[in-house]
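These notes concern the structure reproduced below.
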Amino acid sequence: MNILLVFPRLEHGVTTYRDRGTPFAKLFANPYLSLSQVAACTPPGHHIRIIDENYEPIDFDGEWGLVGITSLTMLSKRAYEIADEFRRRNVKVVMGGYHPTAMPEEAKEHADAVVISEAEEVWADVVRDAERDELKPFYYGTHVNMENMPFPRRELMRFQPLTQGIQTARGCPNACEFCSTTVFLGRALRRRPIPHVVEELKRIPNRIIIFRDASLTLNPNYSMELFRAIAPLKKKWIANGNINLLGKNEKFLRAAKKSGAISWFVGFESINPDSLKEAHKVSNKAEDYEKAIKTVRKYGMGIVGGFIFGFDNDTPDIFDATLDAVMSWEIDAAEFNILTPYPGTPLYDRLDKEGRILSKDWTKYTQAHVVYQPKNMTPRELFEGTRKVLKRFYSPKEMVKRMYGSLMVHKFAPYAFSLPGINIAMHRYYKREFFDARVEDRIPILT
């Protein structure tokens, strides 16, 4: 049977389908693992094709026996369009991913079957049932045993970006109200055997690796053992990490740097302690941020920070206060996003119950639209306050200052240019999302 796996095109993001064929796509494309991982779990005897619509058009005319489509919330409209077109041609369609897991009944309106949760351990059943024309409406995936996970079929991805991704674990013990990771992957941390990870890394030709774990600091002993094992491979890498450990465990930092760490993405989320408490981000202590950042940079690694505006404890003062703090910390780059209540998260359930969801147009769930009623400011104040922070932080003067500082941290090594590159990419992304777009298109209800 010919099986097609599809990743729908991105309308919003650092790179989108509009960058197809450009050097920018090669440099900054996000190396997704989901479809190549599912492909690896396909029973033998089938021909598999993966199409990422960001880099090539979808082949609707192929002789497909089964089409699988993955979908994030903001991609769901396009995913449904693709599914509807294939079904119009009498091709069986199965959908999965974050959004179909959160909204399975909605997804089922456009598909013959929906996979809920992780697909790897039920995918073989889906394929066999499709062959017999006996697809069930829903397949309930389990949290995969990572020790048995096959290597992703990366060779099926026709477009290969500069970086490549790998995953050492799934799950996150934190229970941040806004985050869909825990909802989809669970709170138990499921780790792969380190020799398995090392062997996969050896097979990846790319020099720069992105660890796609929720955080590489959740189990420090495991991670330090991993660092020792991968150091001989001479890879350079970027990972997510929690600032509470990064700021205090210098032995961990030394091992990370020796193994090839370039930078850490840290979800600071807010400088407001009340907002951190509200979001259940209990590991973060805002008063420790500055010292922790300096500690990480002392060991020659960069920090890319993530901040969210619009928590119930945020007032219009949060924008200037955040900007003043961040500008004094000398971080290497930052994301500033609007709080987005993704379906399936506790945040969505709470705001929906309170009648504060202003739009269920999933295409607007981009972190650059306001889709709910903030508690202590208007939707316009939230959007324009975020834009104000972005205008200053990504001004040419501040970007040049940060980029030079990043190069100094890494002593102008070739891989050090990844951090200035992140600044350029984020500046381009935020210009498109916050400055080229009409404000009215970003706010469902103006108040």
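Candidates in segment 199-220 are the residues that are of a type in the set (A, V, I, L, M, F, W, C) and closer than 18 Å to residue 258 by Cα; of these, the one that is surrounded by the fewest Cβ atoms within 10 Å (Cβ to Cβ) is 208. If you go through segment 177-190 one residue at a time, do you hit one that is more than 15 Å from the chain's Cα centre (by Cα), in the same structural domain as residue 305 (by TED's automatic domain parsing) and not in a loop (DSSP other than H, G, I, E, B)? Yes; the residues of segment 177-190 include at least one that is more than 15 Å from the chain's Cα centre (by Cα), in the same structural domain as residue 305 (by TED's automatic domain parsing) and not in a loop (DSSP other than H, G, I, E, B). Taking each residue of segment 20-45 that is within 26 Å of residue 148 (Cβ to Cβ) and looking for partners that are of a type in the set (Lys, Arg) and not in a loop (DSSP other than H, G, I, E, B) with beta-carbon atoms closer than 8 Å, six or more apart or interchain, yields 36/154; 43/128.
State yes or no: is residue 102 within 26 Å of residue 442 (Cβ to Cβ) and among the hydrophobic types (A, V, I, L, M, F, W, C)? Outline the logic, then answer.
Values: within 26 Å of residue 442 (Cβ to Cβ): yes; among the hydrophobic types (A, V, I, L, M, F, W, C): yes.
Yes.
Filtering segment 221-232 to residues that are surrounded by fewer than 17 Cβ atoms within 10 Å (Cβ to Cβ) and touching a helix residue (DSSP H, G or I) at 6+ places or on another chain (Cβ under 8 Å) leaves 222, 225, 228, 229, 231.
Can you find a residue that is free of Cβ contacts under 8 Å to residues at least 12 places away in the same chain and either surrounded by fewer than 21 Cβ atoms within 10 Å (Cβ to Cβ) or within 22 Å of residue 12 (Cα to Cα) (or both) anywhere in segment 382-395?
Initially, segment 382-395 is screened for residues free of Cβ contacts under 8 Å to residues at least 12 places away in the same chain, giving 395.
Add one more test, that the residue is either surrounded by fewer than 21 Cβ atoms within 10 Å (Cβ to Cβ) or within 22 Å of residue 12 (Cα to Cα) (or both), and what stays is 395.
Within segment 382-395, one or more residues are free of Cβ contacts under 8 Å to residues at least 12 places away in the same chain and either surrounded by fewer than 21 Cβ atoms within 10 Å (Cβ to Cβ) or within 22 Å of residue 12 (Cα to Cα) (or both).
Listed by first and then second residue, the pairs linking a residue in segment 123-143 that is in contact (Cβ under 8 Å) with a residue 60 or more places away in the chain to a residue that is crowded, with 18+ Cβ neighbours inside 10 Å and of a type in the set (D, E, K, R), with Cβ atoms under 8 Å apart and 6 or more places separating them unless they lie on different chains, are 130/92. Any residue in segment 269-280 that is within 24 Å of the chain's Cα centre (by Cα), in a strand (DSSP E or B) and surrounded by 21 or more Cβ atoms within 10 Å (Cβ to Cβ)? Within segment 269-280, one or more residues are within 24 Å of the chain's Cα centre (by Cα), in a strand (DSSP E or B) and surrounded by 21 or more Cβ atoms within 10 Å (Cβ to Cβ).
Of the candidates 228, 203, 153, 212, the single residue that is closer than 19 Å to residue 98 by Cβ and basic (Lys, Arg) is 212.
In this structure, residue 147 qualifies as charged (D, E, K, R), in contact with a helix residue (DSSP H, G or I) (Cβ under 8 Å, 6 or more places away or on another chain) and not in a loop (DSSP other than H, G, I, E, B). With respect to (1) farther than 30 Å from residue 338 by Cβ; (2) modelled with pLDDT under 95, the lone exception for residue 187 is condition (1).
Does segment 152-170 contain at least one residue that is of a type in the set (A, V, I, L, M), in contact with a His (Cβ under 9 Å, 6 or more places away or on another chain) and in a loop (DSSP other than H, G, I, E, B)? No: segment 152-170 contains no residue that is of a type in the set (A, V, I, L, M), in contact with a His (Cβ under 9 Å, 6 or more places away or on another chain) and in a loop (DSSP other than H, G, I, E, B). If you go through segment 145-167 and keep only what is buried (at least 19 other Cβ atoms within 10 Å of the Cβ) and more than 28 Å from residue 365 (Cα to Cα), you end up with 146, 149, 152, 154. Please go through segment 60-82 and pick out each residue that is free of Cβ contacts under 8 Å to residues at least 60 places away in the same chain, surrounded by 17 or more Cβ atoms within 10 Å (Cβ to Cβ) and farther than 16 Å from residue 38 by Cβ. Residue satisfying the conditions is 80 alone. Applying the criterion of being modelled with pLDDT under 95 and over 22 Å from the mean Cα position of the chain (by Cα) to the residues of segment 233-248, the residue that is surrounded by the most Cβ atoms within 10 Å (Cβ to Cβ) is 247. Which of (1) at pLDDT 95 or above; (2) surrounded by 19 or more Cβ atoms within 10 Å (Cβ to Cβ); (3) touching a strand residue (DSSP E or B) at 6+ places or on another chain (Cβ under 7 Å) does residue 356 not meet, given it meets every other one? Exception for residue 356: condition (2).
Of the candidates 315, 322, the single residue that is buried (at least 21 other Cβ atoms within 10 Å of the Cβ) and either closer than 20 Å to residue 214 by Cβ or not acidic (Asp, Glu) (or both) is 322. Condition (residue is of a type in the set (Asp, Glu) and part of a loop (DSSP other than H, G, I, E, B)) applied to segment 350-369: is it met by at least one residue? For segment 350-369, residues of a type in the set (Asp, Glu) and part of a loop (DSSP other than H, G, I, E, B): present.
Just to check your reading of the model, which residue among 308, 331, 303, 293 is assigned to a loop (DSSP other than H, G, I, E, B), more than 16 Å from residue 391 (Cβ to Cβ), hydrophobic (A, V, I, L, M, F, W, C) and in contact (Cβ under 8 Å) with a residue 12 or more places away in the chain? Steps first, answer last, please.
Values: 308 fails: assigned to a loop (DSSP other than H, G, I, E, B); 303 fails: assigned to a loop (DSSP other than H, G, I, E, B); 293 fails: assigned to a loop (DSSP other than H, G, I, E, B).
Just one listed residue meets the conditions, 331.
The values are calculated or read from the model by the stated rules, or taken from the named source; none is laboratory data. Predicted, not measured: the structure shown is a model, and the values here were computed from it. When we count neighbours, we look across all protein chains shown, and the Cβ atoms used for this are built from the backbone with ideal geometry, even at glycine.
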